[in-house]
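The structure under discussion appears below in the form of structure tokens.
The values are calculated or read from the model by the stated rules, or taken from the named source; none is laboratory data. Because the structure is predicted, anything quoted here is derived from the model rather than measured. Quick reminder, even Gly has a Cβ in these numbers, built from the backbone with ideal geometry, and neighbours come from all protein chains shown.
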Amino acid sequence: MNLEALQSFFGWCLVINYAVLLLWVLAYIAGGGAIMARQATLFRIDEDELRRLHCQLMGVFKILIMIFCLAPWLALHFGS
């Protein structure tokens, strides 16, 4: 596999993962009340704790995208 293919792969991984994160954030904002109530009863968790968990997981997902998609893409893009 050549460097251009790897750069393209990491670029598309970056786009797809940020799209998933954006959909998650939009679903959290748009349907927050109904989704939170349903998940709170399903998992038997307090809604405030569930909101905190969602925010933490979104942050962890964003950091993982930066480490595993953005950093390799930047290294291949500017290093070659």
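Does Leu53 count as surrounded by 10 or more Cβ atoms within 10 Å (Cβ to Cβ), assigned to a helix (DSSP H, G or I) and either hydrophobic (A, V, I, L, M, F, W, C) or at pLDDT 95 or above (or both)? Judged against the criteria, Leu53 is a match.
Filter the stretch 1-27 for residues that are free of Cβ contacts under 8 Å to residues at least 40 places away in the same chain and touching a His at 6+ places or on another chain (Cβ under 9 Å) and give the result. If the condition is that a residue be free of Cβ contacts under 8 Å to residues at least 40 places away in the same chain and touching a His at 6+ places or on another chain (Cβ under 9 Å), then Trp24 is the only one that fits. Looking across the stretch 27-50, the residues that are farther than 20 Å from Asn17 by Cβ, among the small types (Gly, Ala, Ser) and assigned to a helix (DSSP H, G or I) come down to Ala30, Gly32, Gly33, Ala34, Ala37, Ala40.
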